[in-house]
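Step one of this worksheet: look at the structure below.
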Amino acid sequence: MLARRIRVAALIAIVALPIFGWADASSEGARPMWLLAAKLAQLALVIWTYLAARRATTWERIRHIVGVFISGLILTTCAAAVARGDLAALPLMLVIAVLAPAVLIPWGARQQFILVTVASLAGIFAYASGPGLGAAVPFPMLPLAVAFATSIYAAAESERHHRDQEVIELARRESENRFRVLAETAPVLIWMMNAAGKCTYLNPEWERFLGHPITPRDSERLWDNIHPEDRLAAQTAMGEPTTRREPWEVE
């Protein structure tokens, strides 16, 4: 849950703060009431996103919140651009707003396609409604189309990678669980050692063998449980095959 909230907060900061700062710096000559309305809508959107993220308990809910936030931010930003009559930087803002979630959250091509559609419609609306259209930079459809298509591909690949990682993690946990069940129920002595020769695991069968509960000392000084006359032979028999990664046998 903490990681999800951090991801949402980072997304808000990355997308919202630069856009808000640019809007404040470019407000000269704007229609005050329209710009104020757009800014208040953006502020309400950020507050709603924060409160909704605190209550969210599932990844699907988080993805929905992020989608609403970014879509609303794009629409209100375009409305602010219309109020200012300044459309020159709008294509770059749309590209940043669309690419950011594609690489930050694994929400898939479908959600990204919806976001791209919202951004495209918002951009067309801004340029169609903006004053002084003839003096504005022409809406660069081809570069935007390439960037938007790239974002859809990136979102799909991010989701696929996330799904593959989940499968790998699930397989690892299942493997560890199978080992734990086998080791804890097997009627033989099982132990694990690291590269330094220190014992890191003793299975419960050692308690019956030693005749007392396993203690940290048993793990740290496993060789002390071997008869002194047999200790050197056991260490030699175990050390060489371990280095060569071969089976070994000793009494």
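The values are calculated or read from the model by the stated rules, or taken from the named source; none is laboratory data. Because the structure is a prediction, the values reported are computed rather than measured. Keep in mind that these areas ignore ligands, DNA and RNA; they rest on the heavy atoms of the full protein, side chains included. Shrake-Rupley method; radii C 1.70, N 1.55, O 1.52, S 1.80 Å.
Ordered from largest to smallest accessible area (heavy atoms of protein chains, 1.4 Å probe), the residues TRP206, TRP59 come out as TRP59, TRP206. Counting heavy atoms of the protein chains alone, TYR50 has an accessible area of about 130 Å² for a 1.4 Å probe. Seen through its C-alpha gyration tensor, with square-root eigenvalues sorted a ≥ b ≥ c, region 41-109 comes out oblate because a/c lies at 1.5 or above while a/b is not bigger than b/c.
Compute the Cα gyration tensor for region 68-203, then decide on rounded, prolate or oblate, letting a ≥ b ≥ c be the square roots of its eigenvalues: rounded whenever a/c is under 1.5, prolate when a/b is larger than b/c in the other cases, and oblate in all that remain. Judged from the Cα gyration tensor, region 68-203 comes out prolate (a/c at least 1.5, a/b above b/c). Taking all protein chains as shown and a probe of 1.4 angstrom, THR215 keeps an accessible surface of around 60 Å².
Across region 46-200, the relative contact order, built from alpha-carbon pairs under 8 Å that are at least six residues apart, equals 25 percent.
One compactness figure for region 142-228 is 2.00, namely its Cα radius of gyration divided by 2.2 N^0.38 Å. With the cut-off at 1.5 for a/c, could you classify region 148-196 from its C-alpha gyration tensor as rounded, prolate or oblate? In terms of gyration-tensor shape, oblate. Accessible-area rank, largest first, for GLU159, GLU229, GLU207: GLU229, GLU207, GLU159, with all protein chains present and a 1.4 angstrom probe.
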